[in-house]
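Okay, so here's the structure we're looking at.
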Amino acid sequence: MKRIVDWLAAVFQNAAEYRLASWWFLRILALIYFAAFLSLTGQITGLVGKEGILPLDLLLANASSRFGGSAWLHLPTLFWLDHSDRALAAATWLGCGFSVALFFGMLPRLSLFVLFTLYLSLTTAGQIFLNFQWDYLLLEAGFLAIFLVGGPSRLTVLMFHWLLFRLRFMSGVGKLTSGDPSWSGLTALNYYFETQPLPHVGSWYAHQLPSWLLQAGTALTLFSELIVPFFIFLPRKWRLFAAALTICMQLLIIATSNHNFINLLTIALCLFLLDDDCIKRIAPGRSRDIYKRFEPTPRRMKNLLSAAAAVLIFSSSLPLLLNSMTGIDPGAMITQWSDRVRRFGLGNAYHVFPTMQTERIELTIEGSKDGSSWQAYALPWQPGALDRKPAFIVPHQPRLDWMMWFVPTQRPPGTYVFDRLISRLAQGSPEVSLLFETDPFGGNPPIYFRVLAYRYRFTNAAERAASGNWWHREYLGLFPWIAPREP
C-alpha cells in the first residue's frame with residue numbers, strides 16, 4: 001500500500017523542470033489555435049451554414065429526432081443553443097480573440113477552456129470537413145494544456161508524451177499494416193510529393209530528387225515513426241534525440257507539403273521531450289528567466305481532475321493502439337466506450353498517410369447556360385492552370401479544396417459531399433460560391449453542369465524550362481464515368 005501511495009505522490013509531483021517548456025507550449029498553442037480559427041472564418045458558413053454544403057441545422061434535427069434529450073452527448077456542440085450562420089461565424093472570431101488572450105497570458109485557464117469548447121463545437125458542427133486527425137490532435141493537446149496553468153505535474157507531462165507517442169507510432173503502424181506496397185517497398189516518396197492533397201512549390205523540387213534519396217527518405221520516415229517514438233520514455237539523451245529527429249522531420253514536411261498546422265503542433269509537443277536547461281540554451285535571451293514567473297502551484301482539485309482526464313484518455317486510446325498493432329477486436333463494450341470519449345476529442349487514433357496514392361486525379365466543375373459554352377469554377381488552391389505556381393499556405397487549411405482530393409476514389413463520404421456541392425452550386429448558394437476562387441456566373445447559376453477529370457503530374461526540370469509549366473495534365477473523361485482512383 002505504501003508503494004502505491006508513494007507512486008501516486010510522485011505522479012502528482014510538480015514537474016518543475018518543464019516550467020519553461022510549458023510556458024512556450026502555451027504561447028505556441030495560442031498561435032496554432034489562432035490559425036485554426038482564422039482559417040475557418042471565411043469557410044464555416046459555406047461548409048455547414050444554412051445554405052452550406054452540409055447544413056448544420058439538418059444534422060442537429062436528425063440527431064434530436066433519433067436520440068432525443070441525449071443528442072448532445074452524441075454531438076457535443078454549443079450550437080444546440082444557436083446554429084445560425086451568425087453563431088457559426090461568431091464562434092470562429094471568438095476563438096481568434098481568446099487565442100490572443102492566451103498568447104498574452106490573460107486568464108489562461110479560462111481562455112484554454114473556452115478555446116477547447118469552441119473548437120470542439122466547430123469540429124462537431126463541421127462534420128466530415130473537420131473530421132481530420134489534426135483537428136483531434138489540437139483538441140486533445142488543447143485539453144491537456146488546461147492542466148499546465150500554474151505549473152505542470154509529472155502526470156500532465158506523461159500525458160503529453162503519450163499523445164506524441166500515439167501520433168507518431170500509430171502512424172507508422174498504419175503504414176505497415178495497410179499492406180500498401182509503396183511503404184514496404186520504400187517507394188512512397190516517389191509518389192507523395194506529387195499526389196498529396198495540396199502540394200506547394202517545395203513539393204515540385206522534392207519530386208525531382210533522385211530515386212535512391214527518396215527511398216532513403218521513406219526508410220527514415222518509417223524509422224522515425226516506428227522506432228524513435230519509444231525513445232520518448234527513455235532517459236534524457238534518448239528523449240533529446242527523439243525530439244531532434246522528430247522536429248527535423250516536421251520541418252522537412254513543412255518545406256515540401258501544405259499540411260495546415262499539424263506539423264507545427266507536433267513540433268510544439270516535442271517541447272515536452274526537452275527540459276528547461278535545454279530550452280534555455282536555445283531560447284532567446286529574454287525568455288530564459290520567464291520560468292520564474294511560471295511557478296508551480298500544487299492544487300488538490302487540479303490533481304483530481306488531471307487524474308480523471310488521464311483515465312479517460314488511456315482507457316480510450318490504449319485499446320485503439322493495441323487493435324492497430326494486433327488486429328484484435330477489443331470488444332463491443334470497450335469500443336463503445338472509446339467512441340463516446342472520442343466524441344469529445346480525447347483518446348483518438350492516428351494514422352497519417354497509411355496508404356499512398358500513385359496518381360493525381362483532379363476534377364474541374366464546369367457550368368453552362370446553353371449546353372454548348374462552358375465555364376469553370378476554380379478552387380483557390382487546387383493545381384488548376386498548368387503554369388500556376390503551387391502556393392505555400394501553411395497553416396491555413398482550405399477545407400473544400402482538401403475534400404475534393406477524396407472524390408476521385410468514388411467512395412462515400414466524398415461522393416455524398418460532392419453531390420451536395422453540385423446541388424448548392426445549382427441553387428446559386430452565395431456562401432458556397434465564396435469557397436471558390438471564381439464564380440464565373442456571378443451568383444446567377446447555370447442550367448447545366450459537367451465535371452471533367454484530368455490526370456496531373458509534375459513536369460520535370462527540362463519540361464518546366466521549356467514551357468514554364470509546373471504541371472502536365474492528361475484528359476481522362478467525364479466524371480464519374482472514369483475508373484476510380486486507387487487507393
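Every number in this text was worked out from the coordinates using simple rules, so none of it is lab data. Since the model is a prediction, treat every value here as computed from it, not as a measurement. So basically every Cβ, Gly included, is an ideal-geometry build from the backbone, and we count neighbours across all protein chains shown.
Amide H to amide H under 5 Å from ALA378: which residues, 5+ apart in sequence or cross-chain, H placed 1.01 Å off N in plane?
Correct list: GLU437, THR438.
With a point put 7 Å past each Cα toward its Cβ, work out how far ASP419 is from ARG281 in nm, to one decimal.
Each label point is offset 7 Å from its Cα along the Cβ direction, giving 5.9 nm.
Taking +1 at the Cβ of each Lys and Arg and -1 at the Cβ of each Asp and Glu, which of PHE436, SER70, LEU386 sits farthest along the dipole of the chain towards its positive end, judged by Cα position relative to the Cα centre?
Farthest towards the positive pole: SER70.
Give me the dipole magnitude in Debye, nearest 20, for segment 197-356 about the Cα centre, with unit charges on the beta carbon: positive for Lys and Arg, negative for Asp and Glu. Please report the intermediate quantities before stating the final value.
Numbers: 15 positive and 8 negative charges, 145 e Å.
Here the size comes out at about 700 debye.
Could you put GLU194, GLU225 in order, starting from the residue whose Cβ has the fewest other Cβ atoms within 10 Å?
GLU194, GLU225
Only four residue types carry charge here, +1 at the Cβ of Lys and Arg and -1 at the Cβ of Asp and Glu. Report the dipole size of the chain about the Cα centre in Debye, rounded to the nearest 20.
Details: 41 positive and 31 negative charges, 324 e Å.
I would put it at about 1560 debye.
Relative to the longest principal Cα axis of the chain, at what angle does helix 154-177 sit, 0 to 90 degrees, rounded to 10?
In the chain, helix 154-177 runs at an angle near 40 degrees to the longest axis.
Along the positive direction of the dipole of the chain (beta-carbon charges: Lys, Arg +1; Asp, Glu -1; about the Cα centre), which of GLN357, ALA426, LEU304 reaches farthest?
Final value for the positive-end residue is LEU304.
Can you give me the C-alpha center-to-center distance between segment 323-366 and segment 59-78, rounded to a whole angstrom?
Each part's Cα centre sits 23 Å from the other's.
Taking the chain as the reference, fit the longest principal axis to its C-alpha atoms, fit the long axis of helix 2-11 to the helix C-alpha atoms, and give the angle between the two in degrees, 0 to 90, nearest 10.
Approximately 50 degrees, to the nearest ten.
How do 326-337, 205-216 rank on mean C-beta neighbours within 10 Å, highest first? The partial results should precede the final answer.
On the way: 326-337: 11.2, 205-216: 14.4.
The peptides rank, most packed first, as 205-216, 326-337.
Per DSSP H run of n ≥ 4, the term is -39500 (n - 2.57); total these for the chain, divide by its residue number, and report the mean residue ellipticity at 222 nm rounded to 500 deg cm²/dmol.
Values: 22 runs with 268 residues, N = 487.
Here the helix-only value at 222 nm equals -17000 deg cm²/dmol.
Among CYS270, CYS248, CYS278, rank each residue by its count of other Cβ atoms within 10 Å, from fewest to most, as a rough exposure measure. Walk me through the numbers before you get to the answer.
Details: CYS270 22, CYS248 13, CYS278 18.
Lowest count first: CYS248, CYS278, CYS270.
Could you list PHE147, PHE165, PHE344 so that the one with the fewest beta carbons within 10 Å of its beta carbon is first and the one with the most is last? Provide the component values of the computation, followed by the final result.
Working: PHE147 24, PHE165 21, PHE344 18.
Starting with the residue having the fewest Cβ neighbours, the order is PHE344, PHE165, PHE147.
Between segment 146-204 and segment 211-251, how many Å separate their Cα centres?
Segment 146-204 and segment 211-251 have Cα centres spaced 11 Å from each other.
Can you count the Lys pairs in the chain with C-alpha separation below 24 Å, eight or more apart or on different chains?
Details: LYS2/LYS302; LYS237/LYS280; LYS280/LYS292; LYS292/LYS302.
Counting lysine pairs in the chain gives 4.
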